[in-house]
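The structure under discussion appears below in the form of structure tokens.
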Amino acid sequence: MENTKTLGTSENAETQSDDKNKKSLMDFLTNTDTNVSQVERVVSGVVGGGLMAYGLRRRDTAGVVIAALGGMLGLRSATGHCQVYDAVGYSTADETANKPTRIHVQRSVTINKSQSELYSFWRNFENLPQFMNHLESVQVTGEKTSHWKVKAPLGYSVEWDAEVTSDVENERIGWKSAEISEIPNSGTVEFRPTTNRGTEVRVTLTYEPPAGKLGALIAKLFGEEPSQQVAEDLRRFKSLMEAGLIMKTEGQPSGREKIKADSKNDNITASAKTANA
């Protein structure tokens, strides 16, 4: 009788323990003490899934780490709770209580060309995709307005309208995005003569990444964070303006190859004209 009673008590204890564990898990998953905004939760879910898929495809140590990070972001999305935010006493759940995160970038390069040449090329915004890899297109829509489409992480794209806010010939171009924009941004590009031969091109950019600091971190992880972009774009701009070509990068056709092809076609045309004459 005592053994039966003891067995029954043990089974009850195990059942209660299982119920307690299940309750704890449910409490964790349905935690209403959220400190992550809805926008961040959506971004965390999308990016987390992408990171997990990418990490699992790699099948190496780095892939495991990336997949684990994706899982953490997925959990962050599901629960709306961030332990890091807890530790520093921060919350984005009340989106009206937190100012947008603003990122400031400044980069410069010296190019062996005159201010007027560099200004004229840049001022025609439709030229910019030639050396800005993240730009899909720029369409001039008015004397001071244009429509921009850029590549975003994970194969997405972002579009906005922009307007010129300042324009000093051969010296400075300033712009800002329209009031309603997916990524509010503004900036300037300045063309400054140097003591030696050439012109310093300085770009200053301010923008608000989607989902605040999380968006900036994820973009940086995928190598598409604006400070990286601006530095690489200026390097390509220098190459294009000084040598008439852009050095080949992986997965892209070489500017040198394009120029050679054009030259070859010109020679063929010239030969044909000579023969006809």
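We did not get these values from a lab; they are worked out from the coordinates using the rules stated. A quick note: this is a predicted structure, and the numbers were derived from the prediction, not measured. Every residue, glycine as well, gets a Cβ built from its backbone with ideal geometry; the counts of neighbours run over all protein chains shown.
Numbers below:
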| quantity | calculated |
| --- | --- |
| Cross-link pairs beyond the 24 Å C-alpha cut-off, checked among LYS113/LYS149; LYS151/LYS238; LYS151/LYS176 | LYS113/LYS149 |
| TYR207, TYR156 arranged by Cβ crowding within 10 Å, fewest neighbours leading | TYR156, TYR207 |
| Shape call, region 99-244: gyration tensor on alpha carbons, a/c limit 1.5 | prolate |
| Taking GLU163, GLU40, GLU169, GLU143 and counting other C-beta atoms within 10 Å, the order from fewest to most | GLU143, GLU169, GLU163, GLU40 |
| Fully extended contour minus Cα-Cα distance, from ALA62 to ALA152, at 0.36 nm per residue | 30.1 nm |
| Backbone N within region 163-207 under 18 Å of label point (7 Å from GLU143 Cα along the Cβ vector) | 163-170, 173-176 |
| Residue order, fewest to most beta carbons within 10 Å, for SER114, SER177, SER44 | SER114, SER177, SER44 |
| Stretch gain in nm, segment ARG197-ALA53, where the contour uses 0.36 nm per residue and the Cα spacing is subtracted | 46.8 nm |
